[in-house]
Amino acid sequence: MIRRLLSVLHARNLEFLRDRSTLAFTLLLPVMLVIGMGVVFGGPERPLFKVGVLGGAQHRPAEAFLGERYVEFVPMREQADALHKLTHQQIDLLLAPGNPPDYWVNTDSPKGYVVEKLLLAAEPGARRQPVSGAALRYVDWLFPGILGMNMMFSCLFGVGYVVLRYRKSGFLKRLHATPLNAFEFLSAQVLSRLGLIVFVTAILYVGIGAIIGFHNAGSVLLLTLLAVLGALSMIALGLTIAARFSSEELVGGILNLLTWPMMLLSGIWFSLEGSPRWVQWVAHIFPLTHILDAARAVMLDGASMAQIAPNLAFLALTTLAFLAFGAWSFRWRID
């Protein structure tokens, strides 16, 4: 028995080692994740307070106050957007240039109270304009991210491994003998998974909403449209990966290479608002970023279809691009 077990073990190890692409992913993926996390989230500790500065920091209002430690000063060009962030306690104080400077503070914010004391100590003549508004609960902000993450895993892994299993079992080879073409086969897979994803997401939306009572200021129909387009884009991406490869380890490595950056950079757990500009640019390559940005705009701010139209257009275009590439590169059988 031991001899038979060792023979199978030896054969499986040789199979893995001979699959160079899989071996490379296994070795390089952890290294790339560690380096990426260090680059994106490394550096000095983040400030304790965040102050918006209207017109940009080049105006240098309240010179003494701008030298305070542990306070991050964020240039803001639109006063309406800045006041919206202040109302929701996404910034702790809003400062405008002038002599003396004007400032807005949220009277419901504990951090705003502390930052106001620092400002008045440096600029006693600063003119106060109060606003009010409760902070959004973290669970309200997190909820779209959890739904999006569940959608991402279901779309990518659910579709990718199904097509891979069909190819390895010879089922695709038999389908190839029929009039069915690659685009028709992939479209059927997309529609099947789409129905399942939308159904599961709707159940989670209603069920979790009944438990935590999350905040939704927008249209449920608009959220449904966003969910459909988002799921289509992610499913098409998963099919693009599975369209060509026949190695389970390689497909798993590529899917992990896609899902981990999306989990870290698409804003599932935390906002990237204070991160470097290039990190935010990279994040907007991923479909999940557009799904979450649009979902939070609808649910938290009541955004209309026109306001999230760029996100919807991106998801629609990536769906078509991924499907076209997947149909072009599709393999019916293992070479």
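The values are calculated or read from the model by the stated rules, or taken from the named source; none is laboratory data. Only a predicted model underlies this, so the values are computations on that prediction, with no experimental measurement involved. Backbone-built Cβ (ideal geometry, glycine too); neighbour counts: all protein chains shown. Heads up: the accessible areas ignore ligands, DNA and RNA and are worked out on the full protein's heavy atoms, side chains in. Shrake-Rupley method; radii C 1.70, N 1.55, O 1.52, S 1.80 Å.
Which of the lysines could a cross-linker span from Lys50 if the Cα-Cα distance has to be under 18 Å and same-chain partners fewer than 8 positions apart are dropped?
Lys85, Lys111, Lys117
Work out from phi, with θ = phi - 60° and the Karplus expression 6.51 cos²θ - 1.76 cosθ + 1.60, the ³J(HN,Hα) of each residue of the stretch 220-226, listed in order in whole Hz, and give x for Gly and Pro.
Once θ is set to phi - 60°, the couplings for the stretch 220-226 become 5, 5, 5, 5, 5, 4, 5 Hz.
Count the DSSP beta bridges whose two residues both fall in the stretch 49-131, then state the antiparallel fraction as a percent rounded to the nearest 5.
Taking every DSSP beta bridge within the stretch 49-131, about 20 percent pair in antiparallel fashion.
How high is the FRET efficiency between Arg77 and Ala324 when r is their beta carbon distance and R₀ equals 41 Å, given to the nearest 0.05?
Working: r = 39 Å, r/R0 = 0.94.
Computed FRET efficiency for Arg77 and Ala324 comes out at 0.60.
Whose amide H sits under 5 Å from the amide H of Met76, counting only residues 5 or more places off or on another chain, with H placed in the peptide plane?
Val53, Leu54, Gly55, Gly56
On a full-extension model of 0.36 nm per residue, what is the gain between Phe270 and Val162, subtracting their alpha-carbon distance, rounded to one decimal in nm?
Values: separation 108, 0.36 × 108 = 38.88 nm, distance 3.19 nm.
Stretched out fully, the Phe270 to Val162 stretch lengthens by 35.7 nm.
What does the convex hull of the Cα atoms of the stretch 124-226 come to per residue, in Å³, rounded to a whole number?
Each residue corresponds to 172 Å³ of Cα convex hull volume.
What FRET efficiency, computed as 1/(1 + (r/R0)^6) with R0 = 41 Å and r the Cβ-Cβ distance, is obtained for Val228 and Asn99, rounded to the nearest 0.05? Kindly include the intermediate steps, with their values, before the conclusion.
Values: r = 53 Å, r/R0 = 1.30.
Efficiency for this residue pair is about 0.15.
Given H placed on each backbone N at 1.01 Å, which residues far from Asn106 in sequence or on other chains put an amide H within less than 5 Å of it?
Amide H neighbours of Asn106, under 5 Å, 5+ apart: Val131.
Of His284, His290, which has the most accessible area and how do the rest follow, probe 1.4 Å? Present the calculation step by step, with values, prior to reporting the outcome.
Values: His284 80, His290 20 Å².
In descending accessible area the options line up as His284, His290.
Could you give the length gained by full extension between Arg3 and Asn150, i.e. 0.36 nm per residue of separation minus their alpha carbon distance, to one decimal place? Let's see the in-between values first.
On the way: separation 147, 0.36 × 147 = 52.92 nm, distance 4.33 nm.
Here the answer is 48.6 nm.
Mind grabbing the accessible area of Arg128 for me, 1.4 Å probe, Å², rounded to tens?
We get 120 Å² for Arg128.
With the cut-off at 1.5 for a/c, could you classify the stretch 49-131 from its C-alpha gyration tensor as rounded, prolate or oblate? Each step should come with its number before you reach the end.
Values: a/c = 1.38, a/b = 1.12, b/c = 1.23.
The shape class here is rounded.
Tell me, what % of the accessible area of the stretch 49-131 is carbon and sulfur with a 1.4 angstrom probe? Walk me through the intermediate numbers first.
Working: 2150 of 4230 Å².
Ligands and nucleic acids excluded, carbon and sulfur reach 51 percent.
For Gly218, enumerate residues with amide H under 5 Å from its amide H, sequence gap 5+ or separate chain, H modeled in the peptide plane.
Gly302
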